[in-house]
Structure formats: structure tokens, C-alpha cells
Amino acid sequence: MLSLNHISIQFGGRTLFDDVSLVIGPHDRIGLVGSNGTGKSTLLKIISGINQADSGTIGKARYVTVGYLPQDGVIASGKTLYKEVEQAFEDIMLVQDEMNEAHQLLSSFDPSSEEYHDTLEVYGELQHKLEDLDAFRMKSKIERVLMGLGFSVSDFNRQTEEFSGGWQMRIALAKLLLQEPSVLLLDEPTNHLDLESLQWLEEYLRNYNGAIILVSHDRAFLDSLIKKIIALSMGKLEVYSGNYSFYENEKSIRKEQQINAYKNQQRQLAQTERFIERFRYKATKARQVQSRVKQLEKIERIEIENDEEEIRFHFPSPQQSGNVVMDLKSICKNYGDLNVFENLNYTIERGDKIAIVGVNGSGKSTFVRILAGTEIIQKGERKIGHNVILSYFGQHQAEELDLSKEAIQIVDDVAVGEIRTKLRTILGSFLFHGDDVFKKVSVLSGGEKSRLALAKMLLHPANFLIMDEPTNHLDMRSKKVLQDALMEYEGTYVIVSHDRAFLDPIINKVIEFSPGNVRTFVGNVSDYLAKKKEERETATQQLHIPSASGGLSSQIDSKEIILSDKERKRIDADKRQKLFKLLLPLREKLEKIENVIGTMEKQKSSIETLMASPDFFSDGEQAKRLTREYKEVQISLEQAYLEWEEINLEIDRIRAKHQK
């Protein structure tokens, strides 16, 4: 479907790709992996046509379309959210404009005129074209994707410029998914998603009808979705037929084989060179020497990629804290009219290893800032436990670094004891290599500053760590270093993250935040997700959607039949009419359930507004009633969306059967 043919490219005299070729099949699920700087993003840009290779070509069929999502930097403005993503259906919008134009012409013609009948025929063809484009499902597709990515119905009419950078990337991702390109190129698509949206995206991509090439540092995401790994190293591509875990295992096997082959080749080269050196000046051996020299020139030398130093980072040994590390009592927090927490009570005990999860905007970062003592609260008490030494990493920490200092000075200021002798190695684990450690903070990128702030925080002796999205700017190797260190850490920590593979081995408790509700689950993130799935299945086990009855009663005989244009159009119109009748009850049901969903979303939004009021809990009975209603609406909404999905699947089944 799409191929890279002998691609080569250099940057600043350094070879990024050297004569690489690759074939992408129509349903490939490819993970693109490699160390930072090996050219993963550059390769995606070459495939998408944004960058040009120095040599080589990209070959693709005319019908193949390519869609590309960069890591960041996409900003939409000037339209509402709904109108912005609606642009993904440009072909449908053009046909609808043509239909409107034809409709206006019909009203100006005499119904008995030839122009009227010609225009009516054009109108019918345009209607048929809209049906082929699945136009009647455009609205439901837009709503499904936007809500899957975490937007609410109330967001649909908001101007796109009102959304922050992370939500801007979700808008770009939504448009790309709705365009449904033949080849989908995604560069770190999970960076700006919460756990719920990430799960939705994972399921959506699993069923995507096209090829996907993905760059991600989320191991669980890669393992679940990817069927082939393309590893970039030393300007070459290596293909592994499996997911990321398979790649890691197979890579070690191949590396061992390569090292053995390299050693054998080196022995042969040494023997040949000794022969040449020994008999170089003997006339009787001149022919043999010349033969060996030519032989050496023709040998393709085996190159071994330098193994990065195995880094093991250990936290400074913390002194033991009291049994209660942090006690929050009757915490109230609001931003103007927005009420985030009302009467929140929570106790963190020594040895808790907590993951904070929940949809964006539910209060996760506010909660950890309250724990860290950097967020002002309106009411309540934040009581820190006996002998607790706290260390906090949040995004703003990067902004507080001393711009005049070098990276290595930043960590040297907080490091104590023997660990000071390993600062360059530790900085290497956070992707500061070679002379990077001597860079001034003022010239570091945003990602580099975040990694430096994290390294500084981890080197500070503490027995209670609070981390808000610590892995966002780390590669697989850096995350493994941090994960190993946390597994050995003897203190208590709270982490906001959506990286399941990173969290699972190091977590023993999950706190879920949702509007007006905080729940605790014992176990790791996989245990939490299994429990949530069980709850959804219990809530919907009575749900049953009856299948639409009936079918097409007539079929054209398989023998060859020559039809006139008029007869063919009559048969096509008859088939469309039958399909319309079959789908009408389901379309009506779909419209009803969409109206129900709209009503419940408004009800949910109204309750959330009431719950956000500062005096919400002043009337205890009303607070209980509204909290109960809110939970009931949430369950009913989940059921309604499942019913909506089932109806759409039934419509797809009937249309597929009709087209056979």
C-alpha cells in the first residue's frame, strides 16, 4: 500500500537514515522505537510528506491517504469545537452544499420541464452519494469520538481557542480519527490523555480500518495494540514481528548472535591482517597477499551498537516517618465559582504507594498540590505527620530552576553523600548525555527542564514523594530506571500518571477522582481497571437490544444481465428505498436515544453546577439527594451510550448485508 524505497537523510553531517526501505501493509500495526535522536519523528514526517529525504522515494497508490499527528504544537482557533472537527467530513459538506444548490434550482423550474427532471435526477444521485458516504451518521461519529477523548456535550459549542495545549492536541487527534486516513501516523498520542481516554483510544485504534504507525513510550499501549516493531538504530531499520515485549526479548537474542558474529569476524580479520603483514614483502607470496587485501576490502564489517551503561538509581535512604503521613480533614477548595473539593477527608499512611487517576479536570493536580502544601485551601486542615520529609515534583518546578546554573550544579546543590560521585551517570538516566550536563538551565528545552527538575527532586532525601506526571518527558529506559528505584524505595509516595506499565509494579492503592466523588481501590492499576469493568458489566447486564427483523427479499440472478441506464437507476432506487425502510425504525430509535442522552447530559451538567456551589453541603438532605441523583444519571448515561453503540452496530450490519 505504501513503501519507502532506499531513503537516506543527513542532519549536520550525521547520517540519520542510510538506504532504508520499508513496506507498509493496509492493516499493519507498527510501533516505531529507538533511542532519542534516532529519527522516529523525522521518519513519520518523511512518510507524511512534511520532510523530504536526501535520496530515495515514497511510493503509494493513488487512493492511499496519510494522516499525521505531531507530538505538540497544533492550535485551532476561530471555530467552535464541533465546527472544527466537522471539517474532517469535507467531502460530505461539499455534497450537502451541492444538494442545497440543486434544491434551490428545483424550486425555480417548472415541474413538467426537462430541466426539472434533469435536476431531480442529479439531486437523487447526490442523495445516493451521501448515503454511500454514511452522511446520516456524521453527527453520531463526531459525538462518539469527541466524548471518547474526554470532551463533554457542553464543550461542543465552546470556541477552540478556549482549550489548553493538551486539549488542543485532543482536538487534532479527533479530526484525524474522523478523517480515517489509509495510514495513520501518531507521534506520542497518549501524552495528553487521562487513563479513561487512553483506554477508549486503545480500543478505537484496535478496530481501526487502516494501517497505524505509532511512536509511544507507553509500554502497555504498545503491547496491546502493536503487531510489528520497527527499531531504528545506527541509520538502519530492523523489523520484529510482535509487540514491544516480544521486541525486547528478541532484541537481546539478536544482540547475542550479533556479538558472536562480530567476534568471529574480528578473529578472521586479525588472521588475514597477520598473514598480509607477515608476507607483504615476500615475492613468492605476492599473489596471495594481494588476494587477501582485496578480500579485506570486500568484507562488510559488522558494527555493534554501543550498549548504554546500565544505570541503577537508588533514592537516598529516608528516615522513617510516623504511621500517618498526611491527614486531610474537611478540605474545601474552589477557584472562584468552580468548586473542586467540598468537605474532603483523606488519610495517607506510611507505606502507601498511591496512583491518582481520573478524567482531566477532576481535581487530581489540585489534590497533589494540596498534599504538597503549594495550594491555598478555603477551609479545612492539612496535617502533616510526625517526622515526614516531603519532596514534590510538579510541572511548575521546572519554572523555578535557577537559569544561571548548569544542569550538574542544580543536582549537586541537593545531593548528599556518596551519590554525589555519580551525578553525571544519574543525569544520563534522565537523557543528559556527555556535555549536556554542563548546559545552562536558560538554554534547556521545556522537556529538559522537567527532567532536570525531576532528577533534583529525587536526589533530595525524603520519606514522602509527591509526583505529578513524572514520566511525560522520559523514554523507556529512563522510566525503567525510575521504576526500579521506586520499587526499592522504603518511603511513601503519591503519583499522578496514566502509564499503566510504569505504575502496575510499584502501586498498592489507586485513588479515583470524578466530579463530586473520590474513591479508593486496593491493588494496582490493572486491578482497578478490572474492578471498573466488572462494575460496568453489572450495571448493563440487563441491557438487551432486539435485532432488526426482515431482510432483502429479492436478489438479481447471478447470470449476466445487460440493463439500460434507466433500468439500472430504477433498480438502484428500489434498493435504496428498501434499505431506507429497513433502517427507518433503527434511525428513529437512534434519534430518540440521542435525545435522551442530550437530556441526561444537561441534567448531569445542572447537578454538577449545583455541586460546585460553595454552600452545596449546607443543606445535608439536598446534598444527599443530588449526590444520589448524580450517580443514577451517570449509570443511566453509561447504559444509554451502550444502547446507542448497539443500534449503530445493527445499522452497520444491515447496510453491510444490503451491499453484498
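Read the figures in this text as sums done on the coordinates, not as results from a lab. Since we're looking at a predicted model, the values are computed, not measured. No Cβ is skipped: glycine too gets one built from the backbone with ideal geometry, and neighbour counts run over all protein chains shown.
When the Cα positions of 108, 123, 95 are compared along the charge dipole of segment 82-158, 95 comes out farthest toward the positive end, with charges on each C-beta of Lys, Arg, Asp and Glu. Modelled spin-label separation between residue 657 and residue 477, with each label point placed 7 Å from Cα along the Cα-to-Cβ direction: 5.6 nm.
So which lysines pass the test for residue 657, namely a Cα distance under 18 Å, with those fewer than 8 places away in the same chain ruled out? Hits, sequence-local ones excluded: 575, 578, 581. For segment 82-158, the gyration tensor built on C-alpha atoms gives a prolate shape. Its axis ratio a/c (a ≥ b ≥ c) is at least 1.5, and a/b is the larger of a/b and b/c. Placing +1 on the Cβ of every Lys and Arg and -1 on the Cβ of every Asp and Glu, with nothing else charged, gives the chain a dipole about its Cα centre of roughly 2780 debye. Under a Cβ-Cβ cut-off of 12 Å, what is the net charge of the residues other than residue 150 that fall near it, where Lys and Arg count +1 and Asp and Glu count -1? For residues surrounding residue 150, the net value is -2.
Relative contact order, whole percent, for segment 324-528 stands at 28, derived from Cα pairs under 8 Å and 6 or more residues apart. Computed with the Debye formula from one identical point scatterer per Cα of segment 324-528, without solvent, the log10 of I(q)/I(0) at q = 0.08, 0.10, 0.15, 0.16 Å⁻¹ comes to -0.28, -0.44, -0.97, -1.08. Taking 22 Å as the limit for the C-alpha separation, the pairs 40/298; 79/139; 228/251; 251/479; 329/533 exceed it in the case of 40/298; 329/533. For the pair residue 338 and residue 445 in one chain, pulling the backbone fully straight at 0.36 nm per residue adds 35.2 nm over the alpha carbon distance. Among 426, 408, the ranking by other beta carbons within 10 Å of each residue's beta carbon, starting with the fewest, stands as 408, 426. Within the same chain, aspartates and glutamates fewer than 8 places from residue 353 are excluded, and of the rest, those with a Cα less than 19 Å from its Cα are 327, 468, 469, 484, 488, 490, 499, 504, 512, 527.
With each run of n ≥ 4 DSSP H residues scored as -39500 (n - 2.57), what mean residue ellipticity at 222 nm is computed for the chain after dividing by its residue count and rounding to the nearest 500 deg cm²/dmol? Could you put the intermediate results ahead of the total?
Working: 19 runs with 303 residues, N = 660.
Dividing the helical sum by the residues of the chain leaves -15000 deg cm²/dmol.
Each of 270, 184, 23 was scored by the projection of its Cα onto the charge dipole of the chain, and the greatest displacement toward the positive side belongs to 270; charges sit on the C-beta of Lys, Arg, Asp and Glu. Indicate the gyration tensor shape class of the chain (rounded, prolate or oblate), computed on the Cα atoms with a ≥ b ≥ c the square roots of the eigenvalues: a/c under 1.5 is rounded; otherwise a/b larger than b/c is prolate and the rest oblate. Because a/c hits 1.5 or more and a/b fails to exceed b/c, the chain counts as oblate.
Ordering 8, 291 by the number of other Cβ atoms within 10 Å of each residue's own Cβ, fewest first, gives 291, 8.
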